[in-house]
Each structure stands twice: as structure tokens, then as C-alpha cells.
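Quick notes on the structure that follows.
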Amino acid sequence: MPDAEGHPERDEMDLGAILSALADPLRRKVIYDLIHCPHGHERTCVSFALPVSKASLTHHFRVLREAGLIRQENRGNSRAATLRRVDLDMRFPGLLALVADNKS
């Protein structure tokens, strides 16, 4: 069962939800950028400079969070996102390598 913030447990991560989340080029860019950050690196949602409204930005990060691709933590008046690299590598080996090799 997902936690109070909507983060699914590793064994609850669904490949269909993850692929659906990655189908959007803006969300794929977020994951691509996080893959190329050091392990455990946090970034605020606005730091990705996505060309969307605040409501759309919230939606994109909710989709990524609920699919299990990122973990978000409240940081005062913003939220920080980290890639769930270990969980993704254990649940879907090779998936992040595919995203890392395909920027588009």
C-alpha cells in the first residue's frame, strides 16, 4: 500500500504505470536529469525549469511519485525529488540504463 504521500512500496511498483509516466517527454527529462545526478541527490521541482504552469508541474511530479520513479520530501515551501534508483534497479533491472541512453 502506498504511504501517505503516495509512494508505492518496491513490490507495488507497476511496470505499466512506470512506462506511462515515462511516455511523457517532460517527465522523461526529469528522470533523465536525476539519473545523471549523484546517487541520493535531491532537486526541487522548479529546478528542472519545465515550461509548464505550477499546476501542471505538480501533476507531472505526482505521476512520477505515484509510479514509484521518485521520492518527494517536503522542504518548507518546496518539495525535493530524488530518484528511487535502488528500488528501480532491483524491481526493473536495466530500465534506468535505457532511460539514461535515450535523452529524447
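Each reported figure results from applying straightforward, stated rules to the coordinates on display, with no laboratory input. Keep in mind that this is a model prediction, so the values were computed, not measured. Cβ: placed from backbone, ideal geometry, glycine included. Neighbour counts: every protein chain shown.
One table, with the values for the structure above:
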| item | result |
| --- | --- |
| Restricting the stretch 53-76 to residues that are part of a helix (DSSP H, G or I) and among the basic types (Lys, Arg), the residue that is farthest from the chain's Cα centre (by Cα) | Lys54 |
| From the options Val63, Val86, residue that is of a type in the set (Val, Ile, Thr) and surrounded by fewer than 16 Cβ atoms within 10 Å (Cβ to Cβ) | Val86 |
| Neighbours by Cβ (under 8 Å, 6+ apart or cross-chain): first from the stretch 71-94, in contact (Cβ under 8 Å) with a residue 60 or more places away in the chain; second among the basic types (Lys, Arg) and part of a loop (DSSP other than H, G, I, E, B) | Arg71/Arg84 |
| Residue list for the stretch 34-52, restricted to those being part of a loop (DSSP other than H, G, I, E, B) and free of Cβ contacts under 8 Å to residues at least 60 places away in the same chain | Cys37, Pro38, His39, Gly40, His41, Glu42, Ala49, Leu50, Pro51, Val52 |
